[in-house]
Each structure stands twice: as structure tokens, then as C-alpha cells.
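Chemist: Got a structure for you, written out below as C-alpha cells; questions coming shortly.
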Amino acid sequence: IYTKLDVSTRTEAMTVALQKGVLKMGAEGESLVVADGPPALPIPPSDEAELPAVAEPGIPSSPVVSHRWRTLSVGLLGLFILVASALMFIQWRDGSLMATPAEPFTEQPLGESKWISSRPLPEARAGRAAAAVGLDVYLIGGEMADGVSDDVRVFDTRERTWRRAASKPTAVASATAADLFGEIFVPGGLLADGQPTAITEAYSPSQNAWRRVTSMPRPVSGALALSDGGFLYVFGGRDESGLLDTAYVYDPAADSWRPIAPLPEPRADATGGALTGRFYVTGGMGEDGPLDSCVVYDPVADAWDGCPAMLQARAGAGATVLLNKLYVIGGTADPATGHGEVYDPNARTWTVLNNPPGISEWSDPGVAHVETRIYVLGGRVNEALSDDNLVYSPLVYQTFIPAAPSDGE
């Protein structure tokens with residue numbers, strides 16, 4: 001107010017308002033009156049001592065005016081703080097002071113398949129970390145057209161809208177993420193200069209804020225991060241010297257890492273999930289190319305065992321666990337026969353999961369599930385960065401109506 005009126009005191013501000021006819025003087029004890037408008041808010045009586053009046057040319061000196069202006073200023077200050085707080089909340093929630101509601105979006109089925117096309121990503125990207133918390137899917141960093149990004153986007157699966165979240169302090173690609181106690185942990189990754197990093201950062205959706213935890217024992221990119229709900233496990237990956245067979249577990253209570261039994265063979269860009277209390281690591285890039293092998297880690301015994309090989313070798317796939325099955329999508333090495341796969345640990349069998357119509361060669365997508373829907377975000381489709389947001393619904397709901405009993409029953 002002082003800046004706009006080019007004044008430095010309340011009295012000067014009152015003087016300018018009276019000179020310009022914005023306010024009119026009322027009798028003592030009455031409200032200040034806005035010129036050609038309704039009366040201002042009534043000024044309640046106060047036991048505070050009146051400030052001495054300051055004489056201004058052409059204006060009667062009045063301690064009542066000074067006191068009332070002080071009260072009015074306090075009210076205006078409170079209104080300013082309220083408006084500023086509301087704007088800050090909008091900025092925190094939506095990432096922009098000028099956030100506007102998104103247009104309604106109708107998902108479209110893709111042919112006769114179980115795939116659906118949802119609202120596309122704001123920008124095409126691949127090699128990102130993805131995780132679901134509650135009903136939101138978080139897409140973190142990755143490679144965009146202009147390089148490695150720190151951008152974080154959140155897809156609201158209810159409203160089918162995207163919003164921006166707090167940027168990751170360290171921009172990385174070739175990373176995966178895992179949910180641990182409501183936070184999303186992103187260990188390692190590939191920096192913008194092409195070097196792997198040991199930095200590990202955790203994002204809190206409730207606070208929309210990042211924090212750094214203890215770094216991994218060594219820099220690594222292309223590793224697989226999984227969680228059992230209490231600890232964070234990181235398998236394989238690569239560093240400056242090549243592929244790794246290392247495996248580590250992070251204890252959030254102690255904020256510390258320790259090595260565990262190494263992988264049976266080095267691999268990077270693998271995928272997998274936690275099933276029946278064990279960790280499945282499948283596919284990835286091996287010393288001689290993409291792998292179809294599957295191995296399983298038992299955290300109680302700190303030992304590895306084998307599991308049936310996939311139907312197809314793949315590296316750079318995404319995966320999620322839904323209804324006690326492992327869904328592996330993308331990472332295909334052969335465009336002519338590209339498809340996903342589903343692993344049933346009870347039957348110890350892999351079955352084909354058909355790709356969306358028109359997609360054969362597919363790698364580095366972000367994969368996460370919310371309730372019974374699997375979200376597959378971005379990646380490289382036919383070697384180009386993609387902004388697709390595709391949804392796979394494995395369950396087909398049927399309603400069975402009981403038959404009416406016969407007359408003889």
C-alpha cells in the first residue's frame with residue numbers, strides 16, 4: 001500500500017486518501033466512509049492509547065483518524081497474509097500459481113484388447129523411476145528430448161490429470177524407485193554427465209519434499225530397486241567398470257547400507273518384484289546381451305535360487321506385482337515377436353501378455369499399479385521417446401445371477 005501511494009507513514013497514506021476523495025471524514029465515533037460507496041467496516045472502540053495526531057496541510061488534526069487508520073491497516077495486513085497463504089498452498093499442491101483445472105479426459109479402449117489409452121504424459125520420457133502411492137502414480141526424472149531431467153510428475157488416477165511435484169534435487173536417468181513407509185526412494189542412477197551416482201534421495205508425497213539419505217556403497221545405474229515394506233533392496237546395475245553382480249539392503253531406521261549375497265551373474269536393466277516373501281530378478285543386460293534368466297532371492301537365508309526362464313530375453317523392461325503375479329512389460333529384444341509376460345509363482349509358469357495394438361519394440365517404460373490397473377508410462381516405442389500413458393486391466397469382471405429354483409426344489 002505504501003509503495004502504491006508513494007508514502008512512508010499511515011498518516012501520509014490517510015492524507016492521500018482524503019485528498020483524492022477515496023475516504024470521507026465522518027463524525028467522531030462513526031465509520032470512515034468510502035467516497036461514492038458503502039461505508040467501510042465499523043471501527044470497534046479500543047482501550048489503547050490514541051496516537052498523537054500529525055498535522056497535515058489542509059486536514060484537521062485528529063487522533064481518532066490515526067487510530068482508525070492503524071486498525072484498518074492491521075485488517076488489510078491480515079487479508080494480505082490470508083491471500084498469500086492461499087496462493088502458496090496452490091503453488092505447493094499444483095506446482096504453479098496459475099494452476100487451472102484440466103479438461104475432462106475420456107479414456108479410450110485400444111481395439112479388443114485389455115489395454116486402454118489414458119491422458120498422455122506432459123512430455124515424452126524414458127528411463128525414469130516410477131512408483132505408486134495411494135491412488136497416485138509418480139514419474140521421476142528420466143531422459144527427455146533435452147537430456148537427463150529432474151522433473152517429477154504425478155498422475156491422479158481418479159481425475160486422470162497430471163500435476164508437477166517438487167523436482168528431484170539430483171537429476172538422474174536409468175533408475176528405479178521403491179515405496180518404503182509412504183516415501184519413494186530412488187537409489188543411484190545416471191547423471192547428466194553420463195556418470196553413475198551413489199546418491200540416494202527419498203520423496204515424501206505428504207510434504208511434497210525431497211531429502212537425501214545415506215548414499216549407496218558405490219555408484220550404480222541401471223539397478224533394480226525393490227522393497228518388502230520394511231527395507232530397500234538394490235540388485236545389480238553397472239558402474240564405470242561395467243556390469244555388476246552386487247546386491248545391497250538399506251535399513252531406514254539406521255540410515256545405513258550393507259551388502260548381501262551377490263547375484264548369480266552380473267546384470268543391469270533387469271526388472272522384477274517381491275512375491276511370497278522373496279525377490280524375483282528377471283531379464284536384464286548380461287555379458288553377452290539381453291537375458292531371459294530368472295533368479296530369486298530369499299532374504300531370510302540370504303541366498304539365491306533359480307526360477308523358470310522367461311519366454312523371451314529382454315532388458316529395460318518394467319514390472320509390477322498384482323494379485324500375487326509378476327507382470328513384466330516391455331524390454332523386448334525382438335520387435336517381430338514382442339510381448340509382455342506374467343509369472344505365477346505358485347504354478348512356476350510364464351504366460352504371454354500381449355502388447356497394446358501397434359506396439360512391438362518397447363523399452364524403458366515406467367510401470368506401476370493402482371488397485372487392479374497397471375499403468376505403463378512413456379519409454380521408447382519403436383526407438384522413439386514416448387508420451388503414452390497406457391493402462392492394462394488384467395481382470396474381466398462378470399456378474400453371475402443365481403438361477404431360480406425349480407418347482408420341485
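Chemist: Can you grab the distance from the C-alpha centre of the stretch 245-284 to the C-alpha centre of the stretch 115-165, Å, no decimals?
Modeler: 25 Å
Chemist: Just the number please: accessible area per residue for the stretch 226-276, 1.4 Å probe, all protein chains included, in Å². Write out the running numbers ahead of the final one.
Modeler: Details: 1990 Å² over 51 residues.
Spelled out: the 1.4 Å probe surface of the stretch 226-276, per residue, equals 39 Å².
Chemist: Where does the charge balance sit around THR282 when Lys and Arg score +1, Asp and Glu -1, over other residues with C-beta under 11 Å from its C-beta? All intermediate terms of the calculation are to be shown ahead of the outcome.
Modeler: On the way: positive: ARG267, ARG314; negative: ASP292, GLU341.
Counting the neighbours of THR282, the net charge comes to 0.
Chemist: Principal axis lengths of the stretch 229-385 from Cα atoms, whole Å, largest first?
Modeler: Principal extents (Cα only, largest first): 47, 38, 28 Å.
Chemist: Through the Karplus equation 6.51 cos²θ - 1.76 cosθ + 1.60, θ set to phi - 60°, convert the phi angles of the stretch 312-327 into ³J(HN,Hα) values in whole Hz; use x for Gly and Pro.
Modeler: For the stretch 312-327, the Karplus curve yields 8, 5, 7, 9, x, 7, x, 8, 8, 9, 9, 6, 6, 10, 9, 9 Hz.
Chemist: In the stretch 127-186, what percent of the accessible surface is made up of carbon and sulfur (1.4 Å probe, ligands and nucleic acids excluded)? It would help to have the intermediate numbers written out before the result.
Modeler: Details: 890 of 2070 Å².
Ligands and nucleic acids excluded, carbon and sulfur give 43 percent.
Chemist: Right, next: Return the loop-located trypsin sites (Lys or Arg not before Pro) in the stretch 144-205 (DSSP other than H, G, I, E, B) with at most 11 other Cβ atoms within 10 Å of their own Cβ; answer none if there are none.
Modeler: Working: sites: ARG153, ARG158, ARG160, ARG163, ARG164; in loops: ARG158, ARG160.
Sites meeting the loop and neighbour criteria: ARG158.
Chemist: Accessible area per residue of the stretch 137-213 at 1.4 Å probe, in Å²? Numbers along the way, then the final one.
Modeler: On the way: 2960 Å² over 77 residues.
Each residue of the stretch 137-213 exposes 38 Å² on average to a 1.4 Å probe.
Chemist: On to the next question. Could you put GLU240, GLU107, GLU112 in order of accessible surface area, largest first, with the 1.4 Å probe and the full protein assembly present? Intermediate results must be reported in sequence, preceding the final value.
Modeler: Values: GLU240 145, GLU107 25, GLU112 185 Å².
Correct descending sequence by accessible area is GLU112, GLU240, GLU107.
Chemist: Which whole number in µm²/s is D for the stretch 310-370 by Stokes-Einstein, with the Kirkwood Rh taken over Cα pairs at 4 °C and 1.567 mPa s?
Modeler: Values: Rh = 11.7 Å.
D = 111 µm²/s.
Chemist: Keeping the other protein chains in place, figure out the carbon and sulfur percent of the accessible area of the stretch 190-309, with a 1.4 Å probe. Mind showing how you got there, number by number?
Modeler: On the way: 2410 of 4900 Å².
Its accessible area is 49 percent carbon and sulfur atoms.
The values are calculated or read from the model by the stated rules, or taken from the named source; none is laboratory data. It should be emphasised that the depicted structure is a prediction, and the values quoted were computed from it without experimental measurement. Backbone-built Cβ (ideal geometry, glycine too); neighbour counts: all protein chains shown. When the accessible area is computed, the model is the full protein with side chains, heavy atoms only, and any ligands, DNA or RNA have been set aside. Shrake-Rupley method; radii C 1.70, N 1.55, O 1.52, S 1.80 Å.
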